[in-house]
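This report refers to the structure that appears directly beneath it.
Here, each number is a calculation from the coordinates, and none is a lab measurement. What you see is a predicted model; the values in this text were computed from it and never measured. Glycine also receives a Cβ, built like all others from the backbone with ideal geometry; neighbour counts cover every protein chain displayed.
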Amino acid sequence: MNQPTDVVLVHGLWHQPAHFDRLADDLRRQGVSVHVPLLHRGSLAADTAVVQEIVDNCQVAPVVLGHSYGGSVITGLERVRHLLYVAAFVPAGGESGATLGGPSALVNDAVRHNEDGSTSIYPARARKVLYDDCSDADSAWATSLLVSQQPGHGRGVPTRTAWETIESTYVHCKQDKALSPVLQERMARRCTNAVSVNSGHSPFISQPKSLTTLILGT
């Protein structure tokens, strides 16, 4: 096993770095340097640039994990050793997360459209959609961390398609209520490897040790 020395964790829409706390702590206990950038920079291009800067500052090419929308972000990166897509979008040339998910995306029923043009997740619907396999306490904690999201990020198209040249693994979450498991299975075929886990949309909360083991084995 060639354990990574640096891992970058890239969150999805409405989320923030703190959602990765359990996974990050697990990895750090194994001696891994973990970087968790804050997105919400105004566009996919801006989010990708923030992550690319962290990647460029790593001494060796890191393993990069993207969750949900974070998959679109990591698809645009360079100088990455391994791409790990967790219930994430894997866009091809000209595709965005919005076009892949489509107007019938499962998460849409939980999205609130705010007067300022931003969107947010209805707290009462968050558990069913995002954290359905988490405990009551974990779901309440994760829901309390959700933030509003400015428009446009999900419609961004990556300027490059990293998974075409960089080894990648897809983590297919079979019980996901936010991103269709059928769509995940289709996108997983674009990756070098694929594994299935019996989890909802957020296994970094419900089963972080499983993801730690997977990351350490890349």
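At a Förster radius of 41 Å, what calculated FRET efficiency corresponds to the Cβ-Cβ distance of Gln3 and Asp109, to the nearest 0.05?
0.50
Take every Cα-Cα distance within the stretch 139-218, group them into 10 Å bins from 0 onward, and report for each bin the whole-number percent of pairs it holds.
Computed distribution, short to long bins: 15, 37, 40, 8.
Fully extended, how many nm does the chain gain between Lys209 and Ser135 (0.36 nm per residue separation, minus their Cα-Cα distance)?
25.1 nm
How big is the Rg/Rh ratio for the chain, C-alpha atoms only, Rh by Kirkwood, two decimals?
0.93
How much length, in nm to one decimal, is gained on full extension between Val147 and Ser118, taken as 0.36 nm per residue of separation minus their Cα-Cα distance?
9.4 nm
Over the stretch 6-216, calculate the relative contact order: mean separation of alpha carbon pairs under 8 Å at least 6 apart, over the residue count, as a percent.
Over the stretch 6-216, the number comes to 25 percent.
For every helix of n ≥ 4 consecutive DSSP H residues, a contribution of -39,500 (n - 2.57) applies; sum these over the chain, divide by its total residues, and give [θ] at 222 nm rounded to the nearest 500 deg cm²/dmol.
Value at 222 nm, helices only, nearest 500: -9000 deg cm²/dmol.
Can you tell me how much longer the chain between Thr192 and Ala45 gets when fully stretched, taken as 0.36 nm per residue apart minus their C-alpha distance, in nm with one decimal?
Fully extending the segment from Thr192 to Ala45 adds 50.4 nm.
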